[in-house]
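Visitor: Next up is a structure, given as structure tokens.
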Amino acid sequence: MKTENKGFTLIELLIVIVIIGVMSTIALFGIQTVQRAARDSKRKVDLENIKAALELFYSDCNNLPSPVAGKLPSTIDSSLSSTHPASCPSSPANVYLSDVPVDPDSTGFYYYTIPSTASYVLCTHLENEPDVVASGCQTNCGSGNCNYIVKGP
């Protein structure tokens, strides 16, 4: 009398589970790397947009908006001018950046300082080490030390 076994052995099931586990782990690390790179790309684009708004503000108002505890104001408009020349009225007639972007990682922020009357420094913390630029910011950007810098004129 011959009996047919219709099923998998315990060894076969364990091998399949191990293979699935290894593939899942590799995929998880790959996804995390891509997410870090995407957040860093957004940070770089945000800083370039802020830089453009600050340069437009400076060309109209001949000064820069003051930092608020090392951070940018929530909006960059002509009401932030401290001198209010004729080309930069005190009312927010000229809006250069209606919503200043925030760091994609909720624990971080963009550091902003004015070393001289005509220049500014924007800093952030990048997660991907290959993208790091030698920093002139000696401060903490919330999620880590600032390691990426954009300087204005």
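The values are calculated or read from the model by the stated rules, or taken from the named source; none is laboratory data. Predicted model, so just to flag it, every value in this text is computed and none were measured. Cβ atoms come from the backbone with ideal geometry, glycine included; neighbour counts cover every protein chain shown.
Visitor: Can you name every residue in the stretch 109-132 that is in a loop (DSSP other than H, G, I, E, B), more than 21 Å from Phe57 (Cα to Cα) and out of contact with any strand residue (DSSP E or B) (no Cβ under 7 Å at 6 or more places or on another chain)?
Guide: Glu127, Asn128
Visitor: Does any residue of the stretch 6-16 turn out to be buried (at least 16 other Cβ atoms within 10 Å of the Cβ), over 27 Å from Asn128 (Cβ atoms) and out of contact with any Pro (no Cβ under 8 Å at 6 or more places or on another chain)? Write out each step before concluding.
Guide: Step one: list which residues in the stretch 6-16 are buried (at least 16 other Cβ atoms within 10 Å of the Cβ), which gives none.
No, the stretch 6-16 contains no residue that is buried (at least 16 other Cβ atoms within 10 Å of the Cβ), over 27 Å from Asn128 (Cβ atoms) and out of contact with any Pro (no Cβ under 8 Å at 6 or more places or on another chain).
Visitor: Identify the residue in the stretch 114-138 that is at pLDDT 75 or above and surrounded by fewer than 17 Cβ atoms within 10 Å (Cβ to Cβ) and, among all such residues, is nearest to Ala38 (Cα to Cα). Spell out the reasoning first.
Guide: So in the stretch 114-138, the residues at pLDDT 75 or above come out as 114-128.
Pick out the ones that are also surrounded by fewer than 17 Cβ atoms within 10 Å (Cβ to Cβ) and you get 114-119, 128.
Values: Ile114: 28, Pro115: 30, Ser116: 33, Thr117: 34, Ala118: 32, Ser119: 29, Asn128: 10 Å.
The selected residue is Asn128.
Visitor: Out of the residues in the stretch 48-59 that are farther than 15 Å from Ser119 by Cβ and not small (Gly, Ala, Ser), state the one that is modelled with the lowest pLDDT.
Guide: Of the stretch 48-59, the ones farther than 15 Å from Ser119 by Cβ are 48-49, 52-53, 56.
Imposing the further condition that a residue be not small (Gly, Ala, Ser) reduces the set to 48-49, 56.
Numbers: Glu48: 93, Asn49: 93, Leu56: 88.
It comes out as Leu56.
Visitor: Of all residues being at pLDDT 80 or above and part of a loop (DSSP other than H, G, I, E, B) in the stretch 139-153, which is surrounded by the most Cβ atoms within 10 Å (Cβ to Cβ)? Just the residue, please.
Guide: Cys146
Visitor: Of the residues that make up the stretch 9-32, is at least one closer than 23 Å to Thr139 by Cα, assigned to a helix (DSSP H, G or I) and at pLDDT below 90? It would help to see each step written out before you state the result.
Guide: So in the stretch 9-32, the residues closer than 23 Å to Thr139 by Cα come out as none.
No: the stretch 9-32 contains no residue that is closer than 23 Å to Thr139 by Cα, assigned to a helix (DSSP H, G or I) and at pLDDT below 90.
Visitor: Tally up the residues in the stretch 67-109 that are at pLDDT 80 or above and surrounded by fewer than 12 Cβ atoms within 10 Å (Cβ to Cβ), please.
Guide: 5
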